[in-house]
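Novice: There's a structure below that I have some questions on.
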Amino acid sequence: MNRIYVHIKYLFLILKYSLMKTLSYRVDFILGFLGTALWNLGALLFLKFTLGNINEIAGWDFYDLVLLHATGQVWAYLYFTFSYPSLSHFGEYINAGGLDYLLTKPLNSLITSTLQSFDYVAIFSMLQPFAMMFYSFSNKSYSISLGSVLLYLFTIVISTIITHLLEVTLSSTTFWFPKTELGGFYFGTSDVSHYPYEIFSGKVLRLIFFTIVPYALIVNVPFRVLINKLDYRLLILQFFVLIFFVIISKLIWKAGLKKYQGASS
Amino acid sequence: MRLVKNSNMKKAFTIFKNSVLEKLEYRGEIISGVIISLAGLLLQLFLWNKIMLENGEVSGYDYNKIVVYYLMVSAWESVNLAGRKLAKSFMRDVNSGGFSSILMKPIKPQVFYISTALGFQFVRSIIEFTLFGLPILININWRNVLDLSFANISLLSLYVIFITLFSLAFYSCVAYIIFWLESGNGFRNIVSQILRIVKGNLFPLDIAPIWFQSILRNLPFMYMGFYPAKILLGDVTFIDGVKGLVILFIYTIIFSLFAKLLFRSGIKIYDSVGN
């Protein structure tokens with residue numbers, strides 16, 4: 001119990017210091033917010049112009065796709081806030097020997113290595129997808145309940161944890177291949193998650209994209225939960241994918257640590 | 001006078017050569033980075049496949065044409081890498097105080113950054129054009145969409161030079177803004193997000209409404225990615241291709257003059273603490 005308390009305290013301290021750091025660079029904070037707004041503008045223009053020529057994609061209209069995109073952004077900003085700031089330096093720690101220092105801490109080394117700082121710009125950028133959701137809701141009626149909203153929040157957190165663990169697994173390959181950029185592969189190629197999973201046709205493709213590289217699962221499950229259009233077997237699948245990545249990431253991390261030799265002075 | 005010029009050229013070439021060698025050392029990293037971009041791009045094609053299956057074509061693009069468009073527009077990104085690299089390195093050095101050591105070198109700092117960035121672009125362009133071009137070469141349906149006439153190839157060779165020069169001038173302006181900022185990442189991100197839209201990386205610009213296209217036609221950015229890709233698809237006449245080059249040239253001069261002005265004012269307020 002005491003061990004869990006220490007880890008929670010550690011995470012709260014990181015939250016506090018990350019906020020102080022963010023507020024020290026206020027101009028950067030505003031520019032970062034504007035950057036994400038422009039990213040969203042680009043995605044909306046893409047949808048608007050493409051759907052200006054056709055009416056639907058896989059049976060989903062413009063407002064559905066805006067809602068799906070917004071859900072994808074909530075997931076992306078959660079990942080950018082909690083996961084990316086640490087994982088983007090993960091390879092460096094291993095290659096430059098910074099991991100030595102983290103391994104000596106009386107905390108779980110996987111947690112301290114992959115959750116070292118948080119980025120608040122992304123959290124504030126969350127206002128943008130919420131504005132997009134509001135836009136969709138005010139233009140089209142959806143059947144939404146309190147239960148679906150709660151389940152939406154739950155599934156999106158699960159999706160973020162799956163992404164974090166998947167990226168940890170990929171980043172851990174640095175122990176064996178120091179000069180590759182495999183860490184970041186999943187998130188770097190995940191724009192496709194923002195589209196309806198019907199775009200993946202064929203049993204083999206579906207199997208791959210619903211489980212091993214779960215592009216079809218991550219954003220689509222929370223989105224469909226929210227509008228009450230989910231095949232609920234996918235919820236169970238999401239849970240199994242989570243368990244799978246918990247196990248895989250721990251195994252690879254442990255194997256990597258055995259291989260790690262340290263490089264610092 | 002001529003001797004000094006020759007010596008400067010020699011220094012610039014040596015820096016360029018060193019930059020090429022340095023990048024070649026990290027070729028594994030570059031290749032894996034490009035493969036990630038390529039994988040992301042190919043995954044997007046699932047969406048287009050679905051759209052084309054349901055609609056046949058969109059604004060004159062069938063599936064093969066849209067695939068080649070996206071591959072080519074992504075490959076042409078590497079032609080403006082020199083500018084992006086220049087902005088990134090310059091902003092980082094001014095921020096960290098490392099710019100002071102560049103100022104002490106027996107070469108103009110602008111020439112130093114441009115030579116380094118060109119070396120970087122040289123290596124990346126070869127790798128990116130090879131990796132993005134490979135799927136087109138392998139797939140005959142995609143290859144057949146290309147229009148590789150002599151006129152188009154000549155035009156595109158000129159586009160490589162004009163885009164490189166424009167991107168160096170444009171990103172120099174972006175870089176020198178750092179004299180007035182506390183960090184460059186946010187500003188650079190804003191610029192790259194805007195360019196992603198107006199260069200045609202997100203969607204072919206001719207699927208957009210006419211008003212949107214009219215605005216972009218008088219700006220230089222669509223000629224950096226969208227136009228070269230359309231030339232390769234055989235959708236741009238030779239005369240229009242030349243017009244694009246003229247627009248790039250005019251904006252290169254405007255941004256070069258502006259960059260000069262920014263550097264002169266910026267260097268006056270630059271201070272650093274270092275050893």
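The values are calculated or read from the model by the stated rules, or taken from the named source; none is laboratory data. Just so it is clear, the model here is predicted, and its values are computed rather than measured. Don't worry about glycine lacking a Cβ; one is built from the backbone with ideal geometry, like all the others, and counts go over all protein chains shown.
Novice: Any chance you could count how many residues in segment A:213-235 are closer than 18 Å to A:T160 by Cβ and part of a helix (DSSP H, G or I)?
Specialist: 13
Novice: List pairs: first residue in segment A:1-23 and over 18 Å from A:K105 (Cα atoms), second residue assigned to a helix (DSSP H, G or I) anywhere in the structure, Cβ distance under 6 angstrom, at least six positions apart or on different chains.
Specialist: Hits for this filter: A:L19/A:Y120; A:T22/A:F29; A:T22/A:Y120.
Novice: Can you tell which of A:I14, A:I30, A:I4, A:I57 is in contact with a Lys or Arg (Cβ under 8 Å, 6 or more places away or on another chain) and β-branched (V, I, T)?
Specialist: Of the residues listed, the single one that is in contact with a Lys or Arg (Cβ under 8 Å, 6 or more places away or on another chain) and β-branched (V, I, T) is A:I57.
Novice: Would you pick out the residues in segment A:38-62 that are assigned to a helix (DSSP H, G or I), over 16 Å from B:V198 (Cβ atoms) and among the hydrophobic types (A, V, I, L, M, F, W, C)?
Specialist: Within segment A:38-62, A:L47, A:L51, A:F62 meet the criteria.
Novice: Mind listing just one residue for me: the one in segment B:196-249 that is among the basic types (K, R) and surrounded by 21 or more Cβ atoms within 10 Å (Cβ to Cβ) and, of those, farthest from the other protein chains (Cβ to nearest Cβ)?
Specialist: Going through the qualifying residues, I end up with B:K230.
Novice: A follow-up question, please. Checking B:L195 against (1) over 19 Å from B:K88 (Cα atoms); (2) under 13 Å from the mean Cα position of the chain (by Cα); (3) of a type in the set (A, V, I, L, M), which test does it fail?
Specialist: With respect to (1) over 19 Å from B:K88 (Cα atoms); (2) under 13 Å from the mean Cα position of the chain (by Cα); (3) of a type in the set (A, V, I, L, M), B:L195 is out only on (1).
Novice: Further question on the same structure: With the structure loaded, tell me whether A:V225 is modelled with pLDDT of 90 or more, more than 15 Å from the chain's Cα centre (by Cα), away from every other protein chain (no Cβ under 14 Å) and more than 30 Å from A:D100 (Cβ to Cβ) or whether it fails that test.
Specialist: It is true that A:V225 is modelled with pLDDT of 90 or more, more than 15 Å from the chain's Cα centre (by Cα), away from every other protein chain (no Cβ under 14 Å) and more than 30 Å from A:D100 (Cβ to Cβ).
Novice: Checking the conditions here, which among A:N108, A:N95 is more than 9 Å from chain B (Cβ to nearest Cβ), touching a residue at least 40 places away in the same chain (Cβ under 8 Å), surrounded by fewer than 17 Cβ atoms within 10 Å (Cβ to Cβ) and in contact with a Pro (Cβ under 6 Å, 6 or more places away or on another chain)?
Specialist: After applying the criteria, what remains is A:N95.
Novice: Tally time: how many residues in segment A:1-31 are within 14 Å of another protein chain (Cβ to nearest Cβ) and at pLDDT below 85?
Specialist: Residues meeting the conditions: 9.
Novice: Taking segment A:33-50 as the search range and keeping residues that are surrounded by fewer than 20 Cβ atoms within 10 Å (Cβ to Cβ), touching a Phe, Trp or Tyr at 6+ places or on another chain (Cβ under 8 Å) and not aliphatic (A, V, I, L, M), which one is nearest to the other protein chains (Cβ to nearest Cβ)?
Specialist: A:F46
Novice: Next question, about the same structure. List the residue pairs whose Cβ atoms are under 8 Å apart, where the first residue sits in segment B:57-68 and is closer than 12 Å to B:L45 by Cα, the second is among the aliphatic types (A, V, I, L, M) and in a strand (DSSP E or B), and the two are 6 or more positions apart or on different chains.
Specialist: These pairs meet every condition: B:I66/B:V58.
Novice: Here's another thing I want to ask about it. Looking at segment B:233-247, I want the residues that are closer than 13 Å to B:I153 by Cβ and have a partner that is of a type in the set (V, I, T) with Cβ atoms under 7 Å, at least 6 apart or on another chain. Which pairs are those?
Specialist: Qualifying pairs under 7 Å: B:G241/B:I231.
Novice: Being touching a residue at least 12 places away in the same chain (Cβ under 8 Å), under 20 Å from B:L181 (Cβ atoms) and crowded, with 19+ Cβ neighbours inside 10 Å narrows it down to one residue among B:S89, B:S115; which is it?
Specialist: Of the residues listed, the single one that is touching a residue at least 12 places away in the same chain (Cβ under 8 Å), under 20 Å from B:L181 (Cβ atoms) and crowded, with 19+ Cβ neighbours inside 10 Å is B:S89.
Novice: For segment B:40-122, give me every one of the helices (runs of 4 or more DSSP H) that falls completely inside it and has 1 or more residues that are of a type in the set (S, T, N, Q), more than 24 Å from B:M222 (Cα to Cα) and within 13 Å of chain A (Cβ to nearest Cβ).
Specialist: B:81-96
Novice: Now for a different question. Of A:S171, A:S136, which residue is part of a helix (DSSP H, G or I) and away from chain B (no Cβ under 14 Å)?
Specialist: A:S136
Novice: Return a yes/no flag: does segment A:177-198 have any residue that is more than 13 Å from chain B (Cβ to nearest Cβ), in a helix (DSSP H, G or I) and modelled with pLDDT under 95.
Specialist: no
Novice: Limited to segment A:199-219, what total is found for residues that are in contact (Cβ under 8 Å) with a residue 24 or more places away in the chain and either within 13 Å of chain B (Cβ to nearest Cβ) or not polar (S, T, N, Q) (or both)?
Specialist: 8
Novice: Can you tell me which residue among A:Q238, A:Q261 is assigned to a loop (DSSP other than H, G, I, E, B) and more than 14 Å from every other protein chain (Cβ to nearest Cβ)?
Specialist: Being assigned to a loop (DSSP other than H, G, I, E, B) and more than 14 Å from every other protein chain (Cβ to nearest Cβ) holds for just one of A:Q238, A:Q261, which is A:Q261.
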